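Some notes on the structure that comes next.
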Amino acid sequence: MNAKDFITKQDAIDLIAIRREIHMHPELGRELPNTCAIVKRELDKIGVPYTEKYCASSVVGYINYGDDYENAPSVDEDGHVFTIALRADMDALPIFEETPVEFKSLYRGKMHACGHDAHTAMLIIAARALKKASDEGKLKARLKLLFQPNEEGEDEGAIEMVRNGCLNDVDYVYGQHVQPSIETGKIGYNYGPVMASCHVHNITFKGKSAHSTAPEDAHDALAMALKAANDIYMMEAREISPFEKHVVSICYLHSGTAHNIIPDTAEMKINVRTYNDDVDDFITGRIKEISEHSAAELGGTAEVTDVLSAYVLTNDKTAVDNGCKAAVNIVGKENLSEFQVKLSSEDFSGYTKVRPGAFLRLGTGNKEKGTCTVAHRSDFNLDEDALIIGAELLTQIGLEA
């Protein structure tokens, strides 16, 4: 069976229309009422049942489950039927869009700058095709469709959905991400640890304010933060082996209210990426230690909190092999290539932490169309001609499960 047998020209047209509808109405985090409404509308059209129980602004559809879809046995129980999950993230980013497209974001300061609009639309069209296959008795496995919120947040959606049992009955989980560095028509894959963990640190320095001309009367919170920032970067450069894949980035520092008032508070946000849990633990401990010592030396205090928002994403060999087999049927072996390991993170790792899975890369880069810009930029765009390939890939994975 081939996915192309179940996806029509009208599906390809609708795929673009759905993607653009979502793109024009971007929503953030766990507040996705319009996006979820679009997903539910499309699942209702094709008769795919769904639940919203796994977390706020999540929609999970069921194909080939039968009537008792919400009480399926877990993978450890007798009577289990082989089950795979296909995942799409739905949230946007707090970015002001600066693209030339006619379907730009209607919400100032919000933008789908990472392709989640495309991910959602592709899984909707794959759901159509897989429901047809199921109705014709051509599916062996059960399929679970994970439409997930808050991939971009600190406390990410995948981890919460897993905590609430979304993978209890799932054997393998698959996802894909648009990739502007790969040419349209090609698909990327890799094995083992392929994306870093993401550890977010929030620090509040507290001191005492005073007039700018009387620094001896103040405990300067901004000075505490600047000292800590310098020492944290020095720690990274001199206390961690250069052979370890890691990065520590101080991305936010806010302090003060006027040019002549020494500030009594300063807020700092740090992003840490690693491939080694021991290195992550070391950095976490040192950030807290350095922050508290820097504050104390200047007569203040530091409150440090941290959130591990994504684990190291590890691609399972069997799952990747299955995904590559499906990809060959869609784009041919010559258009399949190994993708470079990166320090970026993905909360898809929340799924692969508990179940074997594969995270594939869908090429959307086209120099002539100007779609090679990296994600998380205000001018991010993608080649919509690639999206039908992504829908076919998800469908093929389901057909071959």
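Does the range 352-371 include one or more residues that are open to solvent by less than 10 Å² (accessible area, probe 1.4 Å), outside any strand (DSSP E or B) and touching a Gly at 6+ places or on another chain (Cβ under 7 Å)?
Looking through the range 352-371, at least one residue is open to solvent by less than 10 Å² (accessible area, probe 1.4 Å), outside any strand (DSSP E or B) and touching a Gly at 6+ places or on another chain (Cβ under 7 Å).
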TODO: Hey, could you check the range 26-47 for residues that are of a type in the set (A, V, I, L, M, F, W, C) and open to solvent by less than 10 Å² (accessible area, probe 1.4 Å) and say which is nearest to the chain's Cα centre (by Cα)?
DONE: 32
Task: Residue check, residue 156 modelled with pLDDT under 95 and not aliphatic (A, V, I, L, M) - done: yes
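Tally up the residues in the range 199-218 that are of a type in the set (A, V, I, L, M, F, W, C) and under 30 Å from residue 278 (Cα atoms), please. Step through it out loud before you land on a result.
Within the range 199-218, the subset of a type in the set (A, V, I, L, M, F, W, C) is 200, 203, 205, 210, 214, 218.
Adding the requirement that they be under 30 Å from residue 278 (Cα atoms) leaves 200, 203, 205.
Looking only at that region, the number is 3.
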Task: Restricting the range 261-270 to residues that are of a type outside the set (A, V, I, L, M) and either free of Cβ contacts under 8 Å to residues at least 12 places away in the same chain or open to solvent by 50 Å² or more (accessible area, probe 1.4 Å) (or both), the residue that is farthest from residue 288 (Cα to Cα) - done: 264
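Which one is surrounded by the most Cβ atoms within 10 Å (Cβ to Cβ), of the residues in the range 220-260 that are in a strand (DSSP E or B) and in contact with a Leu (Cβ under 6 Å, 6 or more places away or on another chain)?
Here the answer is 255.
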- [ ] All but one of (1) more than 25 Å from residue 166 (Cβ to Cβ); (2) out of contact with any helix residue (DSSP H, G or I) (no Cβ under 8 Å at 6 or more places or on another chain) hold for residue 389, so report the exception by its number.
- [x] (2)
- [ ] Please go through the range 46-69 and pick out each residue that is in contact with a Lys or Arg (Cβ under 8 Å, 6 or more places away or on another chain) and farther than 18 Å from residue 398 by Cα.
- [x] 55, 56, 57, 59
TODO: Tell me which residues, restricted to the range 232-260, are more than 22 Å from residue 307 (Cβ to Cβ) and out of contact with any strand residue (DSSP E or B) (no Cβ under 7 Å at 6 or more places or on another chain).
DONE: 234, 237, 238, 239, 241, 242, 243, 256, 257, 258, 259
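Would you point out which residue out of 390, 370 is small (Gly, Ala, Ser) and within 19 Å of residue 99 (Cα to Cα)?
370
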Open item on the list: Of the residues 397, 388, only one is out of contact with any Gly (no Cβ under 9 Å at 6 or more places or on another chain) and among the aliphatic types (A, V, I, L, M); which?
Closed with: 388
Task: Failed criterion for residue 171 (all others in (1) surrounded by 24 or more Cβ atoms within 10 Å (Cβ to Cβ); (2) touching a Phe, Trp or Tyr at 6+ places or on another chain (Cβ under 6 Å); (3) among the acidic types (Asp, Glu) hold) - done: (1)
Task: Residue check, residue 379 modelled with pLDDT of 95 or more, surrounded by fewer than 19 Cβ atoms within 10 Å (Cβ to Cβ) and either touching a helix residue (DSSP H, G or I) at 6+ places or on another chain (Cβ under 9 Å) or assigned to a helix (DSSP H, G or I) (or both) - done: no
Task: Criterion: hydroxyl-bearing (Ser, Thr, Tyr), within 18 Å of the chain's Cα centre (by Cα) and over 26 Å from residue 182 (Cα atoms) - qualifying residue of 294, 344, 309 - done: 309
TODO: Say whether the condition of being touching a strand residue (DSSP E or B) at 6+ places or on another chain (Cβ under 6 Å), closer than 18 Å to residue 315 by Cβ and in contact (Cβ under 8 Å) with a residue 40 or more places away in the chain is met by at least one residue in the range 363-386.
DONE: yes
TODO: Assess whether residue 201 counts as being assigned to a helix (DSSP H, G or I) and under 26 Å from residue 92 (Cα atoms).
DONE: no
Open item on the list: Could you check the range 166-198 and list, in sequence order, the residues that are hydroxyl-bearing (Ser, Thr, Tyr) and part of a loop (DSSP other than H, G, I, E, B)?
Closed with: 184, 191
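Of 345, 337, 294, which residue is polar (S, T, N, Q), crowded, with 17+ Cβ neighbours inside 10 Å and farther than 22 Å from residue 156 by Cα?
Answer to the selection: 294.
Quick one: in the range 271-284, of everything that is surrounded by fewer than 17 Cβ atoms within 10 Å (Cβ to Cβ) and at pLDDT 95 or above, which residue is nearest to residue 235 (Cα to Cα)?
Per the stated criteria, the residue is 281.
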- [ ] Being open to solvent by less than 60 Å² (accessible area, probe 1.4 Å) and without any contact (Cβ under 8 Å) to a residue 24 or more places away in the chain is the filter here, so list the residues in the range 297-333 that pass it.
- [x] 321, 328, 332
- [ ] Kindly indicate whether residue 213 is at pLDDT 95 or above, more than 16 Å from residue 300 (Cα to Cα) and among the polar types (S, T, N, Q).
- [x] yes
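The values are calculated or read from the model by the stated rules, or taken from the named source; none is laboratory data. Every value quoted in this text rests on a predicted model; they were computed, and no experiment measured them. Positions of Cβ are backbone-derived with ideal geometry, glycine not excepted, and every protein chain shown enters the neighbour counts. Surface areas here come from the heavy atoms of the whole protein model, side chains and all, with no ligands, DNA or RNA. Shrake-Rupley method; radii C 1.70, N 1.55, O 1.52, S 1.80 Å.
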